[in-house]
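Undergrad: The structure is given below, and queries will be raised subsequently.
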Amino acid sequence: MWLRTSCNLSFTIDVPTPFIMMLRPRSGKQQWIARETYTLTPSVPVEEFTDAYGNLCQRLIAPPGEFSIHTSADVMTADAIDVAPGAPYDEVQTLPDAVLTYLLPSRYVESERFLDMATEIAGDAIPGYDQVARIADWLRAEVRFNPASVYGHMAATEVNERREGVCRDLTHLGIAMCRALCIPARMVVGYLHGLEPMDLHAWFEAYVGGRWYTFDATQDAPRGGRVAVAYGHDAANVAIFTQFGPALAPHSMAVTVELLAEAPS
């Protein structure tokens, strides 16, 4: 399927402020970027680099005054995600070197605290994909997905205590339980066609059966129409913008995902 994604951010800047942006999706096995625009108003110099996770990042200094970013991309992506019940657990000693890092605790994922809980929830499932699916099912049933949650920047232990959160929060808790079972898991931020309410979205991938599989505890069924923008250990690695200096929040933000009837010309 072809999707057209867009994200518009507007800030009011008081002093020259360095930013790192992470707004450009990259082409890969699961998606192809056919067209892309990236507009800054006012226009300022930008340097781009690829971070340790392979994400495309942009460095800039926003000048005082009104500052806005507009991005848009036409993307070919799968209309369904792969599911693989029974896909086996990968022994740690057989994992690719680049995957090992996703077994470790991280800032928002205190996985070392979740072994007993993860074992209770998923321990009797077939090791591997079925254990992760059991965790995702438990999250849907036991943790309220609330896009308007007043809680912010929660680590997995806090999400477990409050049993409520936005997509990022459910993702952190799912990753924590996967890692506790020695299943590599990573966070993904991007777009999901048909998401309600529309916004940037977060989900997680688990490495089983020799590859990464998508899991989304906020959705009742496996859904495709996803455009990944950034990957990382947790939310600390996948922020769409990070500013240095006075704390800033965009005074407006608009995200759209449009289904295209045909491939863009």
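Undergrad: How many residues does segment 127-174 contain that are free of Cβ contacts under 8 Å to residues at least 60 places away in the same chain, in a loop (DSSP other than H, G, I, E, B) and among the hydrophobic types (A, V, I, L, M, F, W, C)?
TA: 5
Undergrad: Given the residues Ile69, Ile81, Ile61, which is the only one that is assigned to a loop (DSSP other than H, G, I, E, B) and either on the phi < 0 side of the Ramachandran plot or surrounded by 15 or more Cβ atoms within 10 Å (Cβ to Cβ) (or both)? Steps first, answer last, please.
TA: Numbers: Ile69 fails: assigned to a loop (DSSP other than H, G, I, E, B); Ile61 fails: assigned to a loop (DSSP other than H, G, I, E, B).
None of the others qualify; the one that does is Ile81.
Undergrad: Residues that are within 23 Å of Val189 (Cα to Cα), in contact (Cβ under 8 Å) with a residue 40 or more places away in the chain and in contact with a helix residue (DSSP H, G or I) (Cβ under 8 Å, 6 or more places away or on another chain): does segment 113-125 have at least one? Step through it out loud before you land on a result.
TA: Initial filter on segment 113-125 (within 23 Å of Val189 (Cα to Cα)): none.
No, every residue in segment 113-125 fails to be within 23 Å of Val189 (Cα to Cα), in contact (Cβ under 8 Å) with a residue 40 or more places away in the chain and in contact with a helix residue (DSSP H, G or I) (Cβ under 8 Å, 6 or more places away or on another chain).
Undergrad: Could you run through segment 39-58 and say how many residues are part of a strand (DSSP E or B), closer than 18 Å to Val189 by Cα and of a type in the set (A, V, I, L, M)?
TA: Qualifying residue count, segment 39-58: 1.
Undergrad: Please enumerate the residues belonging to segment 11-31 that are surrounded by 14 or more Cβ atoms within 10 Å (Cβ to Cβ) and either of a type in the set (D, E, K, R) or farther than 18 Å from Thr41 by Cβ (or both).
TA: Ile20, Met22, Arg24, Pro25, Arg26, Gln30, Gln31
Undergrad: Moving on. Looking at Arg226, Arg163 in this structure, which one is of a type in the set (Lys, Arg), at pLDDT 95 or above, surrounded by 23 or more Cβ atoms within 10 Å (Cβ to Cβ) and over 30 Å from Pro63 (Cβ atoms)?
TA: Working: Arg163 fails: surrounded by 23 or more Cβ atoms within 10 Å (Cβ to Cβ).
Exactly one residue qualifies, and that residue is Arg226.
Undergrad: Take the residues in segment 229-265 that are at pLDDT 90 or above and polar (S, T, N, Q), then tell me which one is farthest from Asp137 (Cα to Cα).
TA: Only one residue tops the list, namely Gln243.
Undergrad: Take the residues in segment 88-112 that are under 14 Å from Asp234 (Cβ atoms) and out of contact with any Pro (no Cβ under 6 Å at 6 or more places or on another chain); name whichever of them is surrounded by the most Cβ atoms within 10 Å (Cβ to Cβ).
TA: Among residues in segment 88-112 that are under 14 Å from Asp234 (Cβ atoms) and out of contact with any Pro (no Cβ under 6 Å at 6 or more places or on another chain), the one surrounded by the most Cβ atoms within 10 Å (Cβ to Cβ) is Val109.
Undergrad: So Pro197 fits all but one of (1) closer than 30 Å to Arg24 by Cβ; (2) crowded, with 23+ Cβ neighbours inside 10 Å; (3) free of Cβ contacts under 8 Å to residues at least 60 places away in the same chain; what number is the exception?
TA: (2)
Undergrad: Additional query: Do we find that Tyr151 is aromatic (Phe, Trp, Tyr) and closer than 21 Å to Gly232 by Cα in this structure?
TA: For Tyr151, the condition - aromatic (Phe, Trp, Tyr) and closer than 21 Å to Gly232 by Cα - is not met.
Undergrad: Pick out, from segment 178-253, the strands (runs of 3 or more DSSP E) lying fully within it that include 2 or more residues that are of a type in the set (A, V, I, L, M). Let's see the steps before the verdict.
TA: On the way: elements: 185-192, 201-208, 211-215, 226-232, 241-243.
Per the criteria, 185-192, 201-208, 226-232.
Undergrad: Going through segment 233-252 one residue at a time, which ones are closer than 12 Å to Met21 by Cβ and among the aromatic types (Phe, Trp, Tyr)?
TA: Phe241
The values are calculated or read from the model by the stated rules, or taken from the named source; none is laboratory data. Please read these numbers as outputs of a predicted model, since none were measured by experiment. Backbone-built Cβ (ideal geometry, glycine too); neighbour counts: all protein chains shown.
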